[in-house]
Amino acid sequence: MKIDRVTVRMIRVPIRMTRKHGVGDISSSISNVILELGTDGGLIGWGEASPWTVFTGTAEASAAAIDVYFQPLLLGADPFAVNELMQRCDKAVFGHGDAKAAVEMALLDLVGQALGAPIHWLLGGAVRMEIPLSVSIANPDFAADLELAKRVHAEGVRLFKVKTGFTDHATDLKRLEALRQTFDADMDLRVDYNQGLEAWDAIRQLKDVEAFRPTFIEQPVPRDRLDAMAAITAAIVTPILADESVFTPADAIRLVRERAADCVSIKIMKSGGILPARRIAEIAEAAGLAAYGGTMFEGGIALTAGMHLVAATRNISLGAEFYTATYVLERDVLASPVRQVNGKTQVPDGPGLGIAVDRDVLKHYTVEQRG
Ligand code: MG
């Protein structure tokens, strides 16, 4: 099997709700990159890069990374050589984990289809085929978010992650109080600061937040302040989860060495794909840290890649935020939508990613195409 076509599309998809995170607010649409690998045998592998400007970079740069730098490495290559091809991509371009994740998932999609095996088989088989869904509360219109929370709670969702630090501390406490009052113990509440606190005042504010019994507090301070992350982890009873501080396996080792968190958020868009993400989850496991399945603003293609990872990786036990395609995007490019049943994401079990793309929807949202 040889790759004989590399098509890169940038899509822009309107969203149904405003997302505010302190930085990098999303108000009208998201821009992702869709990768299509064609082969001489007629199989098609799909990939998606979902960067976030303030976190991993821009969709424009990711489209160029794939089209200009990865395409020549992929054309004519055997998709079974995933490790070798990803090593060549790593050598060709620094960073751009989201673009590399798109390439890797498209390769694994082809390998799985060729073998008749879902990607989670390639990772050793699933330990879970249903993944507890975490929905993020990130709308500056909190009344709208409370309605969303009630709706998805009725659908079985129990994990809620509140984005804090983009408004003032008193308002954050009121939002947490309102959620606890509404759902009492019948919710698993988490808090994510997206680096929003300053190190000098973080512990005081987090001690107030602990009154609402969060399961974890995510990335309270800037990514490079591992010293402050360590001080907070030591001072606060609630587990501290590192997100922006950990992109690579080497970052995970540093986090463990400096005891700078109790858990870690695993995102294929940070790590550059499923395989490096898996290494981070395993480093965390060996160090006694739990792992959580994070996302950026992925559509169904990349979300599905994440599902195979979480399905097959036992240490990613804190649930996963596979909700964008279901609750945020105007419409997803998958012909069969991501399945959420009773608050749990259902992992597909077809060959490769186990997805089909609706080409009409893809065309509708495409703003630029190369190849
Ligand atoms: Mg986060």
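Just so you know, all these numbers are worked out from the coordinates, no wet-lab data involved. Fair warning: this is a prediction, and the values are worked out from it, not measured in the lab. FYI the Cβ positions are ideal-geometry reconstructions off the backbone, even for glycines, and counts take in every protein chain you see.
Run the dipole for segment 157-238 about the Cα centre, Lys and Arg Cβ at +1, Asp and Glu Cβ at -1, nothing else charged, and hand back the magnitude in debye, nearest 20.
On the way: 12 positive and 14 negative charges, 32 e Å.
Using Cβ point charges on Lys, Arg, Asp and Glu, segment 157-238 gives about 160 debye.
Taking springs between alpha-carbon atoms closer than 10 angstrom, which of Val68, Val246, Val310 fluctuates most in the Gaussian network model of the chain?
Val68
If you take every DSSP beta bridge fully contained in the chain, what fraction is antiparallel? Give it as a percent rounded to 5. Display every interim value, and only then the final one.
Values: 29 of 52 bridges.
Here the share of antiparallel DSSP bridges comes out near 55 percent.
Rounded, prolate or oblate: which one fits segment 121-346, using the alpha carbon gyration tensor with axes a ≥ b ≥ c (rounded when a/c is under 1.5, else prolate when a/b beats b/c, else oblate)? Working shown, then result.
Numbers: a/c = 1.80, a/b = 1.07, b/c = 1.68.
Cα axes put segment 121-346 in the oblate bin.
Quick one: which of 345-351, 239-245 comes out on top by average Cβ neighbours within 10 Å, and what's the full order, highest first?
On the way: 345-351: 19.9, 239-245: 23.4.
Ranking, from highest mean packing down: 239-245, 345-351.
Which residues does the label zone of Leu146 cover in segment 183-226, counting backbone N under 20 Å from a point 7 Å along Cα→Cβ?
183-192, 209, 211-214
Efficiency by 1/(1 + (r/R0)^6): what FRET value for Arg339 and Lys174, r their Cβ-Cβ distance, R0 = 25 Å, to the nearest 0.05? List each step's numbers first, then the result.
On the way: r = 35 Å, r/R0 = 1.39.
Plugging the Cβ-Cβ distance into 1/(1 + (r/R0)^6) gives 0.10.
Can you tell me the orientation of helix 226-235 relative to the chain, as the angle in degrees between its alpha-carbon axis and the longest Cα principal axis, to the nearest 10?
40
Rank Ala77, Val264, His308 by how far each Cα sits towards the positive end of the charge dipole of the chain (+1 on Lys, Arg Cβ; -1 on Asp, Glu Cβ) and give me just the farthest.
Value computed over the given set: His308.
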